[in-house]
């Protein structure tokens with residue numbers, strides 16, 4: 001049962017997974033690369049400046065790209081009644097959300113990490129910075145996915161949920177950004193440990209918080 | 001009326017199903033819909049839930065299903081619950097066959113063809129769910145219910161949007177389910193031709209002053 005659920009979630013969210021269902025799922029990655037592409041045009045082709053500030057820009061792009069998939073993440077299945085039907089089959093909301101978190105991260109984290117390569121080339125990042133950037137994204141994207149899931153579940157029953165979730169994600173994602181981008185500025189891998197710790201906490205928390213949120217959404 | 005002797009995916013539980021609610025009170029928002037409502041349905045019984053719009057039929061069904069907690073009272077269920085409401089829980093972007101296949105995998109149903117044939121869904125399997133009409137969507141939801149093999153059926157307006165032939169078909173399916181030892185609770189504004197059907201009418205709840 002869990003396998004079927006995971007397969008369905010992945011099919012809905014993974015970019016290019018299928019002609020039907022996966023529409024728009026590639027947008028975060030395209031958006032991410034687009035920011036890296038636009039930045040040199042905005043600040044000018046100063047290679048040193050780009051190399052010094054480029055890593056931070058990639059982090060901001062990753063954070064903003066995490067907002068894009070939130071709209072479809074939870075609200076649609078509440079509307080369709082999928083969560084209700086699963087509940088009747090004995091699947092708890094926590095399990096549904098844990099499966100969704102895994103599918104959401106897989107459809108958003110690894111594509112973003114891969115897209116960091118062309119972005120690094122566009123921003124003239126050296127190999128040491130790229131290495132720290134990739135490590136940071138590996139550690140940080142699960143946390144971004146977890147924050148996104150919690151926010152998507154909390155705002156699912158609100159009419160202006162989509163706009164609100166973008167605003168809510170920014171402050172909550174701040175610790176990940178500070179330590180993730182901070183590692184690049186100081187060329188210090190230690191703060192990536194903090195990013196990983198924050199992510200771990202968020203990933204452990206997210207299924208319970210999001211599960212409670214969709215249970216509460218029924219009681220209106 | 002012809003009876004369909006369906007050997008659908010076997011019922012999940014052999015024990016006699018049971019659905020009871022004791023002195024139930026439900027509210028929606030700040031409004032109390034009803035209170036002191038008791039229901040007892042045993043296997044082989046069907047209950048027709050009627051009442052004007054807004055009297056709490058859907059809320060009662062969702063409470064009986066265990067999706068919402070009652071304001072007061074308790075609900076007891078013996079046996080798995082199958083719910084059909086206005087949302088068929090099928091991905092709108094997928095073809096009907098693939099959308100239904102997800103629930104078949106979840107329910108462990110190996111042979112969905114009979115339910116699809118009875119409800120006349122076979123020609124629609126390649127059509128994306130979002131292109132289906134209201135009645136076709138309703139029939140798809142009922143097919144998922146049949147494939148589930150749950151002994152307790154909670155049906156919220158199962159006949160709305162259906163054509164005359166489909167209404168007859170679905171009524172027969174419900175009658176068949178009940179005569180096979182299942183439970184059916186049907187909220188509907190339409191008359192149902194099912195033998196031994198009891199009726200429960202939800203009225204407007206009028207709050208009374210508690211004596212001081």
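The values are calculated or read from the model by the stated rules, or taken from the named source; none is laboratory data. The shown structure was predicted, so the numbers you read here are calculated from the model rather than taken from an experiment. Glycine gets a Cβ as well: all are built from the backbone with ideal geometry, and neighbour counts include every protein chain shown.
Here are the numbers for this structure:
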{"item": "Selection status of residue A:214, crowded, with 19+ Cβ neighbours inside 10 Å, in contact (Cβ under 8 Å) with a residue 40 or more places away in the chain, in contact with a helix residue (DSSP H, G or I) (Cβ under 6 Å, 6 or more places away or on another chain) and over 23 Å from residue A:119 (Cβ atoms)", "result": "yes"}
{"item": "Candidates B:195, B:201, B:209 - the one that is modelled with pLDDT under 90, more than 15 Å from the chain's Cα centre (by Cα) and within 15 Å of residue B:40 (Cα to Cα)", "result": "B:201"}
{"item": "Residue selected from region A:67-78 under the condition part of a helix (DSSP H, G or I) and surrounded by fewer than 22 Cβ atoms within 10 Å (Cβ to Cβ), by the criterion farthest from the other protein chains (Cβ to nearest Cβ)", "result": "A:71"}
{"item": "Close pairs (6 angstrom Cβ cut-off, 6 or more residues apart or separate chains): more than 7 Å from chain A (Cβ to nearest Cβ) in region B:76-94, part of a loop (DSSP other than H, G, I, E, B) and surrounded by fewer than 18 Cβ atoms within 10 Å (Cβ to Cβ) anywhere", "result": "B:79/B:13; B:80/B:12"}
{"item": "Odd one out for residue A:219, checked against (1) closer than 24 Å to residue A:82 by Cβ; (2) more than 14 Å from chain B (Cβ to nearest Cβ)", "result": "(2)"}
{"item": "Of the criteria (1) on the phi > 0 side of the Ramachandran plot; (2) buried (at least 18 other Cβ atoms within 10 Å of the Cβ); (3) more than 14 Å from chain B (Cβ to nearest Cβ), which one residue A:81 fails", "result": "(3)"}
{"item": "Tally of residues being out of contact with any helix residue (DSSP H, G or I) (no Cβ under 7 Å at 6 or more places or on another chain) and either within 16 Å of residue A:173 (Cβ to Cβ) or crowded, with 23+ Cβ neighbours inside 10 Å (or both) across region A:130-156", "result": "0"}
{"item": "Pair list, Cβ < 6 Å and 6+ apart or interchain, from region A:85-104 residues that are within 11 Å of chain B (Cβ to nearest Cβ) to residues that are in a loop (DSSP other than H, G, I, E, B)", "result": "A:85/B:89"}
{"item": "Whichever residue in region A:35-51 is without any contact (Cβ under 8 Å) to a residue 24 or more places away in the chain and part of a helix (DSSP H, G or I) and, among such residues, is farthest from residue A:67 (Cα to Cα)", "result": "A:48"}
{"item": "Residues of region B:95-117 that turn out to be more than 10 Å from chain A (Cβ to nearest Cβ), touching a residue at least 24 places away in the same chain (Cβ under 8 Å) and surrounded by fewer than 21 Cβ atoms within 10 Å (Cβ to Cβ), as a count", "result": "5"}
{"item": "Subset tally (residues that are away from every other protein chain (no Cβ under 14 Å) and not in a helix (DSSP H, G or I)) for region B:51-72", "result": "7"}
{"item": "Evaluation of residue B:139 against (1) under 15 Å from residue B:86 (Cβ atoms); (2) touching a helix residue (DSSP H, G or I) at 6+ places or on another chain (Cβ under 8 Å); (3) within 14 Å of chain A (Cβ to nearest Cβ) (one fails), failing number", "result": "(3)"}
{"item": "Complete set of residues in region B:17-32 that are touching a strand residue (DSSP E or B) at 6+ places or on another chain (Cβ under 7 Å) and either at pLDDT below 90 or on the phi > 0 side of the Ramachandran plot (or both)", "result": "B:23, B:27, B:32"}
{"item": "Qualifying residues in region B:119-135 (those that are within 21 Å of the chain's Cα centre (by Cα) and either over 24 Å from residue B:188 (Cβ atoms) or surrounded by fewer than 21 Cβ atoms within 10 Å (Cβ to Cβ) (or both)) - the one farthest from the other protein chains (Cβ to nearest Cβ)", "result": "B:120"}
{"item": "Some residue of region B:42-50 being more than 14 Å from chain A (Cβ to nearest Cβ) and without any contact (Cβ under 8 Å) to a residue 12 or more places away in the chain", "result": "no"}
{"item": "Single residue of A:120, A:156, A:116 found to be outside any helix (DSSP H, G or I), in contact (Cβ under 8 Å) with a residue 40 or more places away in the chain and either more than 30 Å from residue B:138 (Cβ to Cβ) or within 19 Å of the chain's Cα centre (by Cα) (or both)", "result": "A:156"}
{"item": "Unmet criterion (only one of (1) within 12 Å of the chain's Cα centre (by Cα); (2) farther than 28 Å from residue A:4 by Cα) for residue B:146", "result": "(2)"}
